[in-house]
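Written below as C-alpha cells is the structure these notes are about.
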Amino acid sequence: MTVRPFEQRNSYKGSPLRPCVRLRVTAPDGAALEFDLLADTGNPCALIVSRAMMIKLKQRAAPDVNSNFGLLEGGWLHLTMPELGIDQNVTGYASDSVVTATKASSPDFEGLAGLPFLRSLEYGGDADWFWLRRVQG
C-alpha cells in the first residue's frame, strides 16, 4: 500500500465491514488521544463519542440536541491532525447509545464521525481501504 502525503488509509472493520477513520483529539490538559470511529456519511453530527470520552476531551460546552438515539450532549472537541491540515475545534456529542451501536459492528469503534467532519476533507474508498485526504488547493 502506498499512502500519498497528507492521506490516511484505514482498512474496513467489523461485521458487516464498516469504513473507519482514526482521529487525534487534544484534551484540555494537552494530552492527545487517538481512537477509531465509524465513518458515517448519513449522520448530521461531526463526531459522537461516549460520555466518558466527552468528559475527558471537552474543551467547553456546546448545545445538546435530541436524536432518534435520545439526547446527544454537546461539547467542543479540539482535533489535532496536522498531516490532514486539521487543527481546529469541532462540535461533538456524547451518546453511549450511539457508541454501543457502533461497537456492535466492531469493538474497536469509539463512536462515529459524521458528514460535517468528513466534508472538511476529501474522503472515499475502494474494496480494501477507506481514505481521508487533506483538501488540496
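The values are calculated or read from the model by the stated rules, or taken from the named source; none is laboratory data. These numbers come from a predicted model, not from an experiment. A quick note on method: Cβ atoms are made from the backbone with ideal geometry, for glycine too, and the neighbour counts reach across all protein chains shown. Note: areas computed on protein heavy atoms with side chains; ligands, DNA, RNA excluded. Shrake-Rupley method; radii C 1.70, N 1.55, O 1.52, S 1.80 Å.
Annotations for the structure displayed:
- Only one of 77, 71 that is assigned to a strand (DSSP E or B) and surrounded by 14 or more Cβ atoms within 10 Å (Cβ to Cβ): 77
- Test: residue 87 is within 15 Å of residue 48 (Cα to Cα) and open to solvent by 50 Å² or more (accessible area, probe 1.4 Å): no
Matching residues to (1) more than 17 Å from residue 33 (Cα to Cα); (2) assigned to a strand (DSSP E or B); (3) without any contact (Cβ under 8 Å) to a residue 24 or more places away in the chain:
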| position | (1), (2), (3) |
| --- | --- |
| 92 | no, yes, no |
| 98 | yes, no, no |
| 101 | yes, no, no |
| 105 | yes, no, no |
| 113 | no, yes, no |
| 117 | yes, no, no |
| 123 | yes, yes, no |
| 127 | yes, no, yes |
| 130 | yes, yes, no |
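- Filter pass, residue 93 being among the hydroxyl-bearing types (Ser, Thr, Tyr), under 16 Å from residue 10 (Cα atoms) and crowded, with 19+ Cβ neighbours inside 10 Å: no
- The range 52-68, residues that are without any contact (Cβ under 8 Å) to a residue 40 or more places away in the chain and either within 26 Å of residue 135 (Cβ to Cβ) or open to solvent by less than 20 Å² (accessible area, probe 1.4 Å) (or both): 57, 59, 62
- The residues of the range 111-137 that are closer than 14 Å to residue 18 by Cβ and in contact with an Asp or Glu (Cβ under 6 Å, 6 or more places away or on another chain), listed by number, are 112, 114.
- Checking each residue in the range 50-68 for being part of a strand (DSSP E or B), closer than 22 Å to residue 103 by Cβ and out of contact with any Gly (no Cβ under 8 Å at 6 or more places or on another chain) picks out only 67.
- When residues in the range 104-124 are screened for being of a type outside the set (A, V, I, L, M), under 16 Å from residue 14 (Cα atoms), more than 13 Å from the chain's Cα centre (by Cα) and open to solvent by 50 Å² or more (accessible area, probe 1.4 Å), 1 of them pass.
- Pick from the range 1-31, criterion part of a strand (DSSP E or B) and over 14 Å from residue 84 (Cβ atoms), ranking: most open to solvent (accessible area, probe 1.4 Å): 18
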